[in-house]
1. Which is in a helix (DSSP H, G or I), hydrophobic (A, V, I, L, M, F, W, C) and loosely packed, with under 15 Cβ neighbours inside 10 Å, of Leu291, Leu219, Leu270?
2. Filter segment 61-99 down to residues that are open to solvent by 10 Å² or more (accessible area, probe 1.4 Å) and among the aliphatic types (A, V, I, L, M) and give me whichever is farthest from Ala165 (Cα to Cα).
3. Could you run through segment 324-343 and say how many residues are open to solvent by 80 Å² or more (accessible area, probe 1.4 Å) and either of a type in the set (A, V, I, L, M, F, W, C) or touching a residue at least 60 places away in the same chain (Cβ under 8 Å) (or both)?
4. On the basis of being of a type in the set (Phe, Trp, Tyr) and surrounded by fewer than 19 Cβ atoms within 10 Å (Cβ to Cβ), does Tyr162 make the cut?
5. Take the residues in segment 305-323 that are assigned to a helix (DSSP H, G or I), of a type outside the set (Ser, Thr, Tyr) and open to solvent by 20 Å² or more (accessible area, probe 1.4 Å), then tell me which one is farthest from Ser206 (Cα to Cα).
6. Out of all the residues in segment 265-287, which are in contact (Cβ under 8 Å) with a residue 24 or more places away in the chain and among the hydroxyl-bearing types (Ser, Thr, Tyr)?
7. Is it the case that some residue within segment 115-123 is more than 30 Å from Val303 (Cβ to Cβ), open to solvent by 20 Å² or more (accessible area, probe 1.4 Å) and of a type in the set (S, T, N, Q)?
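The values are calculated or read from the model by the stated rules, or taken from the named source; none is laboratory data. No experiment lies behind these values; they were computed from the predicted model shown. A quick note on method: Cβ atoms are made from the backbone with ideal geometry, for glycine too, and the neighbour counts reach across all protein chains shown. What goes into the accessible areas is simple: the full protein's heavy atoms, side chains included, and nothing from ligands, DNA or RNA. Shrake-Rupley method; radii C 1.70, N 1.55, O 1.52, S 1.80 Å.
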Amino acid sequence: MNNFLATLLLSTALLNLNSFAKEDHQSFLKISMEVQQELQCEREFQIINKAFKVRSKDFVDCEDAFWADRAMSKVKQISNISPKVNLELLARDSGASFDIGSTIRLPLRLTFSNRWGQVYDSLSLGTDAILYHEYSHAIFGEVIGKKFYPQFKAMAETLSRYKIALQNAYATGNYGNAVKYYENQIKRLQEKMKTHHEIEYYHLSSSYNEFFADLVAVLVTNNANSIFNALYYDEMSDQSYQMIKLRSFEDQSTNYDNRLLNEIHGELALARQFIGKTVLNEIFSIRDEKLANQRKKALLDNVLKAIDNQMTKRIELNDFGISPKKNNEKLIKELKEVLKLEV
């Protein structure tokens, strides 16, 4: 197969799969400036700072925000870090994202579409795993982001604050033309981020970020296929099905010559399957919830340590463009050492 045809097939596969997180790693360029309604809820949230209904026509209320807050609190049980986030809720949409700063955008029902424009709904339980995944990007940013791209991460957090200020300006009558001010600040900062020198470190972390976020979702749900299940729908194409298999932590007999490994969400498929085979079954078999959560927390800490080590080595070697095969092999070797696995 020539390179052009291989690229074309990969591009087609990507277009056919409405991966819920496909915009995560460009989300700082996609901060929208539509008017949103802040949800005024009587009780306080644990994880959420502010919650917004994105579309006025959607049936979204405080109970939906409290459901999301409770869901993210489950992640808190297995993580030493639990950052506060803002939440933008939609009734139905084709994608969820984290804006790198402090805002998660989440549909209560994920939708998928095929090449002919037909739209299908996700399984109702899939949204939980999606939210665990997106919230885990916030955790990853606190650990890896603030070490390897602190200036870039700080600018993303400023963008999130500008967006909240913009919504407040809309809600309070645009006193002193504050809307225009914040719109200009957002556009200026977005342009600055596009060329910031730390962006290459941010992109270097992308496949690790997706690996970590998928792992958190799997640990919270006690299901090695939680992300696979969240992305599955009966009408999906065979290529799309092959792509979401890369998100599974079960053995999928994935080969290193699989061209779909070039997509960041599935790039570390072999590392996922390694963790599933060597660690997850044992953790999932623990009946004592407190002990299980301790093991999960230790695993996540060690995975972040392994990612930190790999990021450090690759930056020192200026090794930014390695193949998926090499990336998987190096991370698996690092995980063996950090987890002290004799395999």
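1. So the residue among Leu291, Leu219, Leu270 that is in a helix (DSSP H, G or I), hydrophobic (A, V, I, L, M, F, W, C) and loosely packed, with under 15 Cβ neighbours inside 10 Å is Leu291.
2. Ile81
3. 2
4. No: the conditions fail for Tyr162.
5. In this case the residue turns out to be Glu316.
6. Residue satisfying the conditions is Thr278 alone.
7. yes
Table: residues versus (1) touching a Cys at 6+ places or on another chain (Cβ under 7 Å); (2) at pLDDT 95 or above; (3) among the aliphatic types (A, V, I, L, M).
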position	(1), (2), (3)
Ser79	no, yes, no
Lys84	no, yes, no
Tyr120	no, no, no
Ser124	no, no, no
Tyr135	no, yes, no
Ile144	no, yes, yes
